[in-house]
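The values are calculated or read from the model by the stated rules, or taken from the named source; none is laboratory data. If you're wondering where the values come from, they're calculated on a predicted model, not measured in any experiment. Positions of Cβ are backbone-derived with ideal geometry, glycine not excepted, and every protein chain shown enters the neighbour counts.
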Amino acid sequence: MQYTAAMPIDVAADVIWNRPLSNDYNVLALAAPAIAAAAAPGQFVMVKAGAGVDPLLRRPFSVFEILRDATGAPSGLTILSKRIGVSTALLYDKGQGQRIDCLGPLGRPFTVVDPPTDAWMVAGGVGLAPFATLAQALHARGVTSTLFYGARRGAELFYLDFFRALSVELVLTTEDGSVGERGRVVAPLDRRLAARAPSSAVMLYACGPEGMLAATARTAMKHGRPCQVSVERIMGCGLGGCYSCVIPMRDGHGGFHHVRSCIAGPVLPADQIVWG
Amino acid sequence: MSFVSFVLNDMDLSVRIGSLTLKNPVIAASGCFGYGVEYADVVELSSLGAIVSKGLFLKEREGHPAPRIVETPAGMLNAIGLQGIGVHRFIDEKLPELRARGATVIVNVCGTTLDEYVEVSRILSGAEGVAGLELNISCPNIKEGGIQFGCSLHGTFDVVSAVRKVTTLPVIPKLTPNVTDVASFARAAEEAGADAVSLVNTFLAMVLDVETRRPKISNVVGGLSGPAIRPIAVRMVYECRQTVKIPILGMGGIADARDALEFIIAGASAVQVGTASFVDPFIWTKLIDGISDYLTRHNVARVADLVGTVDTRAQDKEWISS
């Protein structure tokens, strides 16, 4: 087993800009061109939100966007953060020019399909993060793509124009019904899969809260469709050293084994995961 | 001495642990560095004094469900539950690559019974490329074995002496800090024939979510590591240095070369680093270079000359002169 595709790069990256999207969400642009140049859709970076020992550990973030200079060369990357703890609160308040240690790219990326297979991305909340670069890769290959995107309220549905510009069809849901269909994102996914001709291939990609991932995995299996999920676990190192981020996967003999989502994932086949 | 010419322009960083000579005193701690092969692209494995493998039982273990770690102020709590591939798969799947890369490999040996420690040690003693055995009698996170030996002087003595009988490799019990007097356990290990002792393992600890009243890790309790524990670990190394003659592999919250030097001065012949390497996987050369620079700056030829050199009078002098 190959553990890391290449030696990860550790950069003390300048914050190029920090754009709040709401009171909780922000997009942080980091000057890490070498990481940006090497990153594939679905890979992540380990970010140290503050200097010193509190917070102590880095946090994993999907690479959200690749920034490019006037010549098209990668100049940096962004991460999509939701303020839920100490590190994300620090990241929300970062200012231009501050430095953040950023290690990556890490983990196994999405397998990007080709036409005539369609791509259906399923995102919940901050789980939108890996789909910006995936949508670009799919667009470049001419794959017909749909984004099923759910949030608590309409004000937390972000980057819709970004995806529209890539010809991605949007299927939106909100828990309060303020935008799109009221309820969870798996409901329209289930209906669309039921209506789709079995002969027309589709690959599902999912990222979001674990309950949403489990529901998406069950829905995909019910309709006999392959699904790649990007899982999010509490990580210590991101490199396979600490065994913190394990997820139970079927062992082929009716049992399970714990795999490290940092190096075996974060993208994993949904039907192999033992969902809780 | 005959090797003085060898170290004329370079500090001598070598460390002797029983029959084993490490090229430098910086060791990757067990449970924090996978099986070493995971880090082959990040660090030249042969540049480390040694790497200590994840703990190995006879058979594979899946460990505890996630969540397995939670961060604390200047530290982290873990309860992995000694997930591991077992000694046979380690020898077949990991050891050849470690050998090929020239790594000095100390294997962390686990057991649920005394017989299992002996059997795992016996198997490893017959494997090419194992430089030493660290006996894990201090894991706070499993119900059977481990700490039940490490929290009893008789248990510690019995495990070390039983393993001693089946191997010529250096035997290095890893001691728990979750006892009243660590030094008495170091002495029991020394009397049983240990070549060195590793200390400290993690401190048993607990973190709760007050909103839900639930523990933040699945095992309810776990082991605290990181800078938060460092002063306690330094004190324990210092106490053991006063009590035993065998080398001490010191650890507990080391995050830079100064921290490592603190342990060495307190009495550690070598140091192990775990949690800090999660934060900075490239920490190893910084530690080794930092120790070397210190020796140069203080005109100390050999790192061994620095071990256990706490000047307890220094404070008094300053007190008087000020």
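For every residue, the table says whether it meets (1) away from every other protein chain (no Cβ under 11 Å); (2) surrounded by fewer than 22 Cβ atoms within 10 Å (Cβ to Cβ); (3) hydrophobic (A, V, I, L, M, F, W, C).
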residue: B:36; (1), (2), (3): no, no, no
residue: B:43; (1), (2), (3): no, yes, yes
residue: B:47; (1), (2), (3): yes, yes, no
residue: B:58; (1), (2), (3): yes, yes, yes
residue: B:62; (1), (2), (3): no, yes, no
residue: B:71; (1), (2), (3): no, yes, no
residue: B:76; (1), (2), (3): no, no, yes
residue: B:80; (1), (2), (3): no, no, yes
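Name the single residue, out of those in region B:223-235 being in contact (Cβ under 8 Å) with a residue 40 or more places away in the chain and either under 14 Å from the mean Cα position of the chain (by Cα) or within 11 Å of chain A (Cβ to nearest Cβ) (or both), that is farthest from residue B:271 (Cα to Cα).
Top of the filtered list is B:228.
Can we say residue A:81 is within 11 Å of chain B (Cβ to nearest Cβ), more than 30 Å from residue B:93 (Cβ to Cβ) and not in a loop (DSSP other than H, G, I, E, B)?
So residue A:81 does not fit the description; no.
Condition (residue is facing chain A (nearest Cβ under 9 Å), hydroxyl-bearing (Ser, Thr, Tyr) and within 27 Å of residue B:225 (Cα to Cα)) applied to region B:103-123: is it met by at least one residue?
Scanning region B:103-123, I find no residue that is facing chain A (nearest Cβ under 9 Å), hydroxyl-bearing (Ser, Thr, Tyr) and within 27 Å of residue B:225 (Cα to Cα), so the answer is no.
Which one of A:40, A:36 is in a loop (DSSP other than H, G, I, E, B), aliphatic (A, V, I, L, M) and over 30 Å from residue B:227 (Cβ atoms)?
Among A:40, A:36, only A:40 is in a loop (DSSP other than H, G, I, E, B), aliphatic (A, V, I, L, M) and over 30 Å from residue B:227 (Cβ atoms).
Which residues, counting only those in region B:33-61, are under 19 Å from residue B:291 (Cβ atoms) and assigned to a helix (DSSP H, G or I)?
B:45, B:46, B:47
Kindly indicate the residue of region A:241-266 that is touching a residue at least 24 places away in the same chain (Cβ under 8 Å) and aliphatic (A, V, I, L, M) and also surrounded by the most Cβ atoms within 10 Å (Cβ to Cβ) among those meeting that condition.
The residue in question is A:247.
Determine, yes or no, whether residue B:223 is within 21 Å of residue B:139 (Cβ to Cβ) and either touching a helix residue (DSSP H, G or I) at 6+ places or on another chain (Cβ under 8 Å) or surrounded by fewer than 23 Cβ atoms within 10 Å (Cβ to Cβ) (or both).
no
When you scan region A:123-131, do you find a residue that is more than 14 Å from chain B (Cβ to nearest Cβ), in contact (Cβ under 8 Å) with a residue 12 or more places away in the chain, assigned to a loop (DSSP other than H, G, I, E, B) and crowded, with 21+ Cβ neighbours inside 10 Å, even just one?
Scanning region A:123-131 turns up at least one residue that is more than 14 Å from chain B (Cβ to nearest Cβ), in contact (Cβ under 8 Å) with a residue 12 or more places away in the chain, assigned to a loop (DSSP other than H, G, I, E, B) and crowded, with 21+ Cβ neighbours inside 10 Å.
Please enumerate the residues belonging to region B:263-304 that are among the small types (Gly, Ala, Ser), surrounded by 20 or more Cβ atoms within 10 Å (Cβ to Cβ) and more than 14 Å from chain A (Cβ to nearest Cβ).
B:266, B:267, B:268, B:269, B:270
State all residues of region A:220-237 that are farther than 20 Å from residue A:111 by Cα and not in a loop (DSSP other than H, G, I, E, B); if no residue qualifies, say none.
Residue satisfying the conditions is A:222 alone.
Among residues belonging to region A:15-73 that are farther than 16 Å from residue A:101 by Cβ, charged (D, E, K, R) and in contact (Cβ under 8 Å) with a residue 40 or more places away in the chain, point out the one that is surrounded by the fewest Cβ atoms within 10 Å (Cβ to Cβ).
Per the stated criteria, the residue is A:24.
Within region A:184-228, how many residues are over 19 Å from residue A:118 (Cα atoms) and touching a residue at least 24 places away in the same chain (Cβ under 8 Å)?
9
Could you tell me whether any residue of region A:117-125 is of a type in the set (Val, Ile, Thr), more than 15 Å from residue A:28 (Cα to Cα) and either touching a strand residue (DSSP E or B) at 6+ places or on another chain (Cβ under 6 Å) or outside the structural domain of residue A:262 (by TED's automatic domain parsing) (or both)?
yes
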